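Data block below; observations after.
The values are calculated or read from the model by the stated rules, or taken from the named source; none is laboratory data. These numbers were taken from a predicted model, which means no experiment stands behind them. No Cβ is skipped: glycine too gets one built from the backbone with ideal geometry, and neighbour counts run over all protein chains shown. Surface areas here come from the heavy atoms of the whole protein model, side chains and all, with no ligands, DNA or RNA. Shrake-Rupley method; radii C 1.70, N 1.55, O 1.52, S 1.80 Å.
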Amino acid sequence: MKRNIFLFGLLLALGGLHAQEKGQFVLQAEANAGILFCYPYQGTFNSIDLFGSIGPVFRYQVGEHWGIGLGANYCLHECFQYLPVFVDAKYSFGYGKTRPYAEIRAGYAFSLKRYDLMMPVIYSQSFSMEGFYTQFIVGYSIGHSDLGIGGQLINMKSEIIDFGDGHTSLKNRLQPAVFLHYAYNFYFGR
């Protein structure tokens with residue numbers, strides 16, 4: 001029975017194979033899961049934290065290989081929530097219904113939730129993921145699905161208020177991350 005269900009699911013997935021064509025619009029629904037390497041204190045490594053994201057990318061196929069678009073992802077981290085908005089460029093290698101691809105993104109992340117650390121009478125420190133955001137993804141397209149791995153850089157903004165002298169300092173630091181990527185593509189037009 002399990003074998004029949006697996007074969008039926010495989011036939012459904014393969015039945016929807018579709019190569020990208022010039023002039024098509026693509027709506028990509030994606031999910032990412034990975035780890036963020038945190039360096040918030042004086043540039044020293046502090047922790048490895050899990051994060052996940054979901055969101056759409058709206059892309060136009062300029063040619064059979066190139067697609068450009070706009071996207072946004074809702075990112076959830078143990079301590080932070082942020083919304084990156086970005087431009088996207090995707091290049092698919094080769095021809096056919098299954099082929100490798102590379103994708104690059106750049107944009108700005110808006111902080112939705114920050115992390116506050118309070119040491120009463122001594123200092124207050126808050127961290128937020130806000131500012132420059134970029135991703136690079138490599139993977140393989142199989143019909144409507146994209147499977148890949150990627151790297152990410154995002155700006156972490158930290159603000160420290162010293163209650164002793166009232167001094168405030170701001171620091172920005174790029175935080176690296178690696179993740180697994182899955183996307184399902186809906187094709188429109190042509």
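Restricting attention to region 116-130, does a residue exist that is within 23 Å of the chain's Cα centre (by Cα) and either at pLDDT 95 or above or among the charged types (D, E, K, R) (or both)? Checking region 116-130: at least one residue is within 23 Å of the chain's Cα centre (by Cα) and either at pLDDT 95 or above or among the charged types (D, E, K, R) (or both).
Inspect all residues belonging to region 39-48 and state whether any of them is modelled with pLDDT of 65 or more, closer than 15 Å to Tyr187 by Cα and in a strand (DSSP E or B). No, region 39-48 contains no residue that is modelled with pLDDT of 65 or more, closer than 15 Å to Tyr187 by Cα and in a strand (DSSP E or B). The single residue among Leu112, Leu76 that is at pLDDT below 90, within 11 Å of the chain's Cα centre (by Cα) and closer than 20 Å to Met129 by Cβ turns out to be Leu76. Touching a Gly at 6+ places or on another chain (Cβ under 7 Å), part of a strand (DSSP E or B) and buried (at least 19 other Cβ atoms within 10 Å of the Cβ): is that true of Ile154 in this structure? It is false that Ile154 is touching a Gly at 6+ places or on another chain (Cβ under 7 Å), part of a strand (DSSP E or B) and buried (at least 19 other Cβ atoms within 10 Å of the Cβ). Scan region 167-190 for residues that are of a type in the set (Lys, Arg) and open to solvent by less than 70 Å² (accessible area, probe 1.4 Å) and the total you get is 2.
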